Amino acid sequence: MGICFSIEEQLHQHQDHQSLSKRPEMQESPETKKPSIIPLTAKDVKDLRQNSGYTNVDRFTYEETRLATKQFRPDYILGEGGFGVVYKGVIDENVRPGYKSTAVAVKELNPDGFQGDREWLAEVKYLGQLSHPNLVKLIGYCWEDEHRLLLYEYMASGSLEKHLFRRVGCSLTWSKRMKIALDAAKGLAFLHGAERPIIYRDFKTSNILLDADFNAKLSDFGLAKDGPMGDKTHVSTRVMGTYGYAAPEYVMTGHLTARSDVYGFGVVLLEMLLGRRAMDKSRPSREHNLVEWARPLLNHNKKLMRILDPRMEGQYSSSTAMKVANLAYQCLSQNPKGRPLMSQVVELLETFQSKEFSHEEAMLHTGASGITLYEAPSHSPHTPVKKRNPARSESHREGGAHGSKGANGRSKSEPPKECDLYDPPSFEAEDKSESNRG
């Protein structure tokens, strides 16, 4: 059994090697300054237009969105989900004279869907005011008659979910997964560091989008919520989110804090380590809920090495894998106070990108010896991957999702039926879409 270090201990150890506080990339920049968010008092888009906080977001007519998507051509569809349909489009001279040609993802609200004007406004509220390299940029919106559309920057590589759980083709390498984890952590840390903390509330693989260079950005802010202020320890709200990702204390009480997002981050980090979905009914019953099955194994070195995604074999050192697994273990603590802050998660993940660890990566790429890779116990060879049925995915509220709301069996950690937690549908074809999930 391995030794489990706290986040603070691991950071202290690394600071002996290199002072994080003095590193250039840790200095305050426009992206790391605390964002100030204007309270959402708008009842409709007319109120938004009168607010100077949204001057960087363009307003488009419905006709312009039709032109941008070639009259919403079916072959321009990137995906479809609870929000509605997402189309690829281009805003250029033909759409609006003088506009610099910009590739966009156009998300159209389905008036009959289970997301409505409130979540549409929430997206405009947050993404209309926030700017960060790890948040998808909202380019504009359309509110005209019954039409509600959002126009985002186009994310060419689709979602993390699409790449992580594909059954055929190339898989994400260890280094790409760690870079994506760091990018996503930076996005959450930025939100939590706002003048009034912002709780994302729906952190999952389908909401992490990748650009052409596989830089990761958070999308879909329909469930985002202003966090507690002053003496308040939490905000009370109806339970919303996705099975398998929601923090247990939030599911049980409706008390929402920034540590709820940390739990969701831990789930996604676990998915990236193991290459398994948070909820997967196609596996043996004890493995349906990934966290319940895998968390107890994360600080057992030999057991950990047997459950890591075999597609990454030979791409990492065992010591680094154990450190990342320990981070996931702490993020998934049942006790919210036992979870690290996202700022601490960022600092720790950055140590894996630093010189201390890049030396290991260089040795791996050159085939040098001296590093133990994918450590399997000598008496028990690595268990081969079993052929299994297509996995089941979490529900997708946002455009770009595959499938619709469905019903599943419930795990011990799931809430009673009256909670508005989205139930994951049957997953059939994760590789069909080239969707932008923004």
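The values are calculated or read from the model by the stated rules, or taken from the named source; none is laboratory data. Keep in mind the model is a prediction, meaning the values are calculated, not measured. Every residue, glycine as well, gets a Cβ built from its backbone with ideal geometry; the counts of neighbours run over all protein chains shown.
Okay, here's what the table says:
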quantity	calculated
Only listed residue being on the phi > 0 side of the Ramachandran plot and touching a residue at least 24 places away in the same chain (Cβ under 8 Å), chosen from 83, 72	72
Residue among 282, 333, 260 that alone is part of a loop (DSSP other than H, G, I, E, B) and under 20 Å from residue 197 (Cβ atoms)	333
Matching option when the condition is farther than 30 Å from residue 259 by Cβ and under 21 Å from the mean Cα position of the chain (by Cα), among 106, 95	106
Residue selected from region 165-177 under the condition surrounded by fewer than 22 Cβ atoms within 10 Å (Cβ to Cβ) and part of a helix (DSSP H, G or I), by the criterion farthest from the chain's Cα centre (by Cα)	175
Qualifying position, being among the β-branched types (Val, Ile, Thr) and either surrounded by fewer than 17 Cβ atoms within 10 Å (Cβ to Cβ) or in contact with a Leu (Cβ under 8 Å, 6 or more places away or on another chain) (or both), among 257, 242	242
Given (1) modelled with pLDDT of 95 or more; (2) more than 22 Å from residue 172 (Cβ to Cβ), index of the condition residue 307 fails	(2)
Meets criteria (more than 24 Å from residue 267 (Cα to Cα), crowded, with 23+ Cβ neighbours inside 10 Å and among the charged types (D, E, K, R)) for residue 125	yes
Qualifying positions in region 58-95 - modelled with pLDDT of 90 or more, part of a loop (DSSP other than H, G, I, E, B), over 14 Å from residue 141 (Cβ atoms) and not aliphatic (A, V, I, L, M)	69, 70, 71, 72, 73, 92, 93, 94
Selection status of residue 216, hydrophobic (A, V, I, L, M, F, W, C), buried (at least 19 other Cβ atoms within 10 Å of the Cβ), in contact with a Pro (Cβ under 6 Å, 6 or more places away or on another chain) and in contact (Cβ under 8 Å) with a residue 24 or more places away in the chain	no
Some residue of region 188-204 being outside any loop (DSSP other than H, G, I, E, B), surrounded by 24 or more Cβ atoms within 10 Å (Cβ to Cβ) and of a type outside the set (A, V, I, L, M, F, W, C)	no
Failed item, numbered, when residue 232 is tested on (1) under 24 Å from residue 122 (Cα atoms); (2) touching a residue at least 12 places away in the same chain (Cβ under 8 Å)	(2)
Filter result (in a loop (DSSP other than H, G, I, E, B), small (Gly, Ala, Ser) and more than 19 Å from residue 214 (Cα to Cα)) within region 127-164	128
In region 214-263, residue farthest from the chain's Cα centre (by Cα) [restricted to those that are among the charged types (D, E, K, R) and closer than 28 Å to residue 294 by Cβ]	249
Residue match in region 216-238 (condition: assigned by TED's automatic domain parsing to the domain that holds residue 177, on the phi > 0 side of the Ramachandran plot and not small (Gly, Ala, Ser))	yes
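A quick yes/no check of all residues on (1) out of contact with any Phe, Trp or Tyr (no Cβ under 8 Å at 6 or more places or on another chain); (2) more than 19 Å from residue 127 (Cβ to Cβ); (3) not aromatic (Phe, Trp, Tyr):
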{"position": "139", "(1), (2), (3)": "no, no, yes"}
{"position": "146", "(1), (2), (3)": "yes, yes, yes"}
{"position": "150", "(1), (2), (3)": "no, no, yes"}
{"position": "155", "(1), (2), (3)": "yes, no, yes"}
{"position": "164", "(1), (2), (3)": "yes, yes, yes"}
{"position": "170", "(1), (2), (3)": "yes, yes, yes"}
{"position": "173", "(1), (2), (3)": "yes, yes, yes"}
{"position": "180", "(1), (2), (3)": "no, yes, yes"}
{"position": "186", "(1), (2), (3)": "yes, no, yes"}
